[in-house]
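Undergrad: Provided herewith is a single structure, encoded as structure tokens, for subsequent inquiry.
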Amino acid sequence: MRVAIFANMGRKTQAVKQKLTRKFQERHFIIDEVTPEVVVTIGGDGTLLSAFYHYRQQLETIRFVGVHTGHLGFYTDWRDDEIDDLVISLQSDNRQSVSYPLLDVLVHYNNQDRPQRFLALNESTLKRASSTMVTDVYIGGELFERFRGDGLCISTPTGSTGYNKSVGGAVVHPDMEVMQIAEISSINNKVFRTLSSPMIIASNDWITLKPMASRENKQDLLLTVDSNSYHDHNIRQIRYKIAKERIKFAKYRHTHFWHRVQEAFIGDEYGD
């Protein structure tokens, strides 16, 4: 088996990486950072997100395994003291995997003929940097509402526990092939109205945002795709849909999603 190890630069993480590398070499695994079959990430969810972007062109042929060196994450199944068990599981690999939806983000610019495409593992947001954002929201090609507020967040099911949740979005099980749109501080009064509720959008639909320029003819927009930010004054529209690509995790021991949610946000108080 060809494996790659993707780790952050923390002292503890680097020590775990050295230990895992040694064990891989002892068991005759092939360390291949270029075309691996399995990528083992060491750190946390942020490290796995970085690995996802590093190998995003090879998602069809790669499975991920997450080792956490701190708290249990939503993408990391193994603790750093379970390295021996992980290596044994990799040795008896049957190539099973579990896969989750990704977000396809297509950005059209006023000054460019060709759109720019991004893939998001967690979410994408659109905001105005300095004042209220005004954006027409289309669902499946039909105008749904004119949004006024701080911004909008479009998330995947796995991303629903992150920024989406903090702005009032619902937590969605990753087995559901859907995306979610949540408002960020919308303006609702007698003049301006929005649904003022998160919406779950089916996989055969799409979301289109068409931002309106301010009086100064400047959009001053901030687009984020996961942890990456893009400042641009020339966005004409952004289309979101469920991507054809999916992220795959090696199915050795994949922690139950609702257990992760319970442990992350509630804790053990009601465990007994």
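The values are calculated or read from the model by the stated rules, or taken from the named source; none is laboratory data. Values in this document were obtained by computation on a predicted structure and should not be read as measured data. Note that we place each Cβ from the backbone using ideal geometry, even for glycine, and neighbour counts take in every protein chain shown.
Undergrad: As an exercise: evaluate VAL98 against (1) under 23 Å from GLY43 (Cβ atoms); (2) crowded, with 20+ Cβ neighbours inside 10 Å; (3) modelled with pLDDT under 95 and give the number of the one condition it does not meet.
TA: So the condition that VAL98 fails would be (2).
Undergrad: Can you tell me which residues in segment 16-55 are more than 27 Å from the chain's Cα centre (by Cα) and either surrounded by 18 or more Cβ atoms within 10 Å (Cβ to Cβ) or of a type outside the set (D, E, K, R) (or both)? I'd like the intermediate steps shown before the answer.
TA: Filtering segment 16-55 down to residues more than 27 Å from the chain's Cα centre (by Cα) leaves 18-19, 21-30.
Within segment 16-55, GLN18, THR21, PHE24, GLN25, HIS28, PHE29, ILE30 qualify.
Undergrad: State whether one or more residues within segment 106-115 are among the charged types (D, E, K, R), without any contact (Cβ under 8 Å) to a residue 12 or more places away in the chain and on the phi < 0 side of the Ramachandran plot.
TA: Initial filter on segment 106-115 (among the charged types (D, E, K, R)): 113-114.
Remaining after also requiring without any contact (Cβ under 8 Å) to a residue 12 or more places away in the chain: 113-114.
From the residues that got through so far, the ones that are on the phi < 0 side of the Ramachandran plot too are 113-114.
There is at least one residue in segment 106-115 that is among the charged types (D, E, K, R), without any contact (Cβ under 8 Å) to a residue 12 or more places away in the chain and on the phi < 0 side of the Ramachandran plot.
Undergrad: Follow-up question, since we're still on this one. What is the residue count in segment 1-48 for residues that are under 16 Å from ILE83 (Cβ atoms) and in a strand (DSSP E or B)?
TA: 12
Undergrad: I'm checking my understanding of the structure. Among residues of segment 208-252 that are among the hydrophobic types (A, V, I, L, M, F, W, C) and farther than 18 Å from GLY159 by Cα, which one is modelled with the lowest pLDDT? Steps first, answer last, please.
TA: Here is the first cut: in segment 208-252, the residues among the hydrophobic types (A, V, I, L, M, F, W, C) are 209, 212-213, 221-223, 225, 235, 238, 242-243, 247, 249-250.
Filter again for farther than 18 Å from GLY159 by Cα, leaving 209, 212-213, 221-222, 235, 238, 250.
Details: LEU209: 98, MET212: 87, ALA213: 74, LEU221: 91, LEU222: 94, ILE235: 92, ILE238: 97, ALA250: 91.
Across segment 208-252, the extreme among qualifying residues is ALA213.
Undergrad: Of ASP104, ASP81, which residue is surrounded by fewer than 19 Cβ atoms within 10 Å (Cβ to Cβ) and either over 19 Å from PRO36 (Cα atoms) or aromatic (Phe, Trp, Tyr) (or both)?
TA: ASP81
Undergrad: With LEU126, LEU152, LEU121 as the choices, which residue is within 21 Å of GLY73 (Cα to Cα), touching a residue at least 24 places away in the same chain (Cβ under 8 Å) and either buried (at least 19 other Cβ atoms within 10 Å of the Cβ) or among the charged types (D, E, K, R) (or both)? Working first, answer last.
TA: Working: LEU126 fails: within 21 Å of GLY73 (Cα to Cα); LEU152 fails: within 21 Å of GLY73 (Cα to Cα).
Only one candidate qualifies: LEU121.
Undergrad: Sticking with this structure for a sec: Just to be sure before I move on: is GLY73 under 26 Å from ALA250 (Cα atoms), modelled with pLDDT under 95, assigned to a strand (DSSP E or B) and touching an Asp or Glu at 6+ places or on another chain (Cβ under 8 Å) in the structure I sent? Reasoning before the result, please.
TA: Values: under 26 Å from ALA250 (Cα atoms): yes; modelled with pLDDT under 95: yes; assigned to a strand (DSSP E or B): no; touching an Asp or Glu at 6+ places or on another chain (Cβ under 8 Å): yes.
Spelling it out, it is not the case that GLY73 is under 26 Å from ALA250 (Cα atoms), modelled with pLDDT under 95, assigned to a strand (DSSP E or B) and touching an Asp or Glu at 6+ places or on another chain (Cβ under 8 Å).
Undergrad: Suppose we filter VAL98, VAL87, VAL134 for residues that are in a strand (DSSP E or B) and either of a type in the set (Ser, Thr, Tyr) or farther than 30 Å from ALA213 by Cα (or both); which single one remains?
TA: Values: VAL87 fails: in a strand (DSSP E or B); VAL134 fails: either of a type in the set (Ser, Thr, Tyr) or farther than 30 Å from ALA213 by Cα (or both).
When all the criteria are applied, what remains is VAL98.
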